[in-house]
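To keep things clear, I will list the structure first and then write my remarks on it.
The values are calculated or read from the model by the stated rules, or taken from the named source; none is laboratory data. All values derive from a computational prediction rather than experimental measurement. For neighbour counting, all protein chains shown are included, and Cβ atoms are generated from backbone atoms with ideal geometry for every residue, glycine included. Please note that ligands, DNA and RNA were not included when accessible areas were found on the heavy atoms of the full protein model with its side chains. Shrake-Rupley method; radii C 1.70, N 1.55, O 1.52, S 1.80 Å.
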Amino acid sequence: SKGTYEFYMLKEIDEQPAVMRRLSQTYFGADGDVRVEQSIVDAVAESDRIYILAAGTSYHAGLVGKNIIEKYADIPVEVGLASEFGYHFPKLSKKPFFIFLSQSGETADSRVVLKQVNERNLPSLTMTNVEGSTLSREATYTMLLEAGPEIAVASTKAYTAQIAVQAILAKAVGEKKGLQDAKDFDLKNQLALVAEGMQELVDGKEKIDELAKKYLANTRNAFYIGRGVDYAVALEGALKLKEVSYIETEGFAAAELKHGTIALIEDGTPVIALINDPATADLTRGNIQEVESRGANVMTFVGKDFARKDDDVILPQVDYYMSPLLTAVPAQLLAYYASKNKGLDVDKPRNLAKSVTVE
Ligand code: M6R
């Protein structure tokens, strides 16, 4: 039930610290060792390329997962939109492994791909929130997201759970392969820091409500920009904002705006800039100046180590690869308040269903 909450979306955003702790309990032993079913770890470790297939928010979680898996498991990853992949299979590697990300486990576009994967007798894993769902039953393996029922149409806690579960798999596979990066990756501690950081962010939600009131109340459009994993979160932030508030929002690689889209920046256009990547933080600051000088109202969500006093949201510092777990929270809250402040039905945006069982 919603309890004292007006909408499930906010309840589900608030539940994220608890989901991170639950995942830590599920996937780590008392000794602190990562615990993933041995057959899954072996099958992934043997593969020469991972294909992640999903739709919508789950696809965006896959884009973050690619960065984490390549870093800690050292396996190349291709992320595909299931709806495209299903009818235009790329040339596969010799030992492919397929991962399906799906909150519901029922998405028709993903089922089309899995059907063909099974026809070719290739190994697959579904990461899903719903035990016994179709994609779970039809795949070789399953890992559960442990996020609890997600009711709001806009996915929030399943997105962060998908990122965390991909990190758990990456660490387990990397360790199995004897990789130093994976052994050094203190994921259990990172998940604890993430849970604490998420709590801090949800406790500070009024600040995000103020930002939504100040910058998003009357706008027709908006942009999210970022580089590296922040680019992936920019895409998700944009989807979240548009699906619940109907503000036309695009997510962009920060440097790419100036190759055309900057033409859309006018006086008062909101731009949300995400900065967590040490390698490109200064460059993104430059991109912020470019849009500010053209009149944009910029909101910044920045990791503590790179933050300046006047940044709007300062994110508790975690590993760069884990930073999407925190950056997502103010992005989700911003979408929530933009929608609620307009008097919209946050949980049931027009034209959308919770699970999309048609192609
Ligand atoms: O259940 P799934 O994760 O397979 O659903 C995929 C998308 O339909 C879903 O993420 C959709 O984009 C949400 N409305 C996003 O908030």
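Only one residue of SER339, TYR224, THR357 has its Cα farthest out toward the positive end of the dipole of the chain, where Lys and Arg carry +1 and Asp and Glu -1 on Cβ, and that residue is THR357.
Within the shell of other residues whose beta carbon sits under 14 angstrom from the beta carbon of GLY251, the net charge comes to -3, with Lys and Arg scored +1 and Asp and Glu -1. Just so you know, the Rg over Rh for segment 267-357 is 1.05, from Cα atoms, with Rh as the Kirkwood radius.
The magnitude of the dipole of segment 9-71, with charges of +1 and -1 set on the Cβ of Lys/Arg and Asp/Glu and taken from the Cα centre, is near 220 debye. Given segment 46-89 reduced to its alpha-carbon atoms as identical point scatterers, what log10 I(q)/I(0) does the Debye formula return at q = 0.17, 0.21 Å⁻¹? Log10 I(q)/I(0), no solvent term: -0.45, -0.65. The charge dipole of the chain, taken about its Cα centre with unit charges on the Cβ atoms of Lys, Arg (+1), Asp and Glu (-1) only, comes to about 460 debye. A Förster radius of 30 Å combined with the Cβ-Cβ distance from ASP181 to LYS91 puts the calculated FRET efficiency at roughly 0.55.
Ranked by the mean number of other Cβ atoms within 10 Å of their residues, highest first, the peptides 34-45, 161-172 fall in the order 161-172, 34-45. Computed on the chain, with alpha-carbon pairs under 8 angstrom and 6+ residues apart, the relative contact order is 20 percent. Entry note, the chain: the mean residue ellipticity at 222 nm calculated from DSSP H runs of n ≥ 4, each adding -39500 (n - 2.57), is -14000 deg cm²/dmol after division by the residues and rounding to the nearest 500.
A viscosity of 0.890 mPa s and a temperature of 25 °C, combined with the Kirkwood radius over C-alpha pairs in the Stokes-Einstein formula, give the chain a diffusion coefficient of 120 µm²/s. The long axis of helix 323-341 is offset from the longest Cα principal axis of the chain by roughly 50 degrees.
Under 13 Å from the Cβ of PRO76, count the other residues' Cβ atoms, weight Lys and Arg +1, Asp and Glu -1, and hand me the total. Net of charged neighbours comes to +1. Measuring nothing but protein heavy atoms, the accessible surface of the chain at 1.4 Å probe radius is 46 percent carbon and sulfur.
Calculated accessible area for segment 278-335 comes out at 39 Å² per residue, all protein chains present (probe 1.4 Å; ligands, DNA, RNA ignored).
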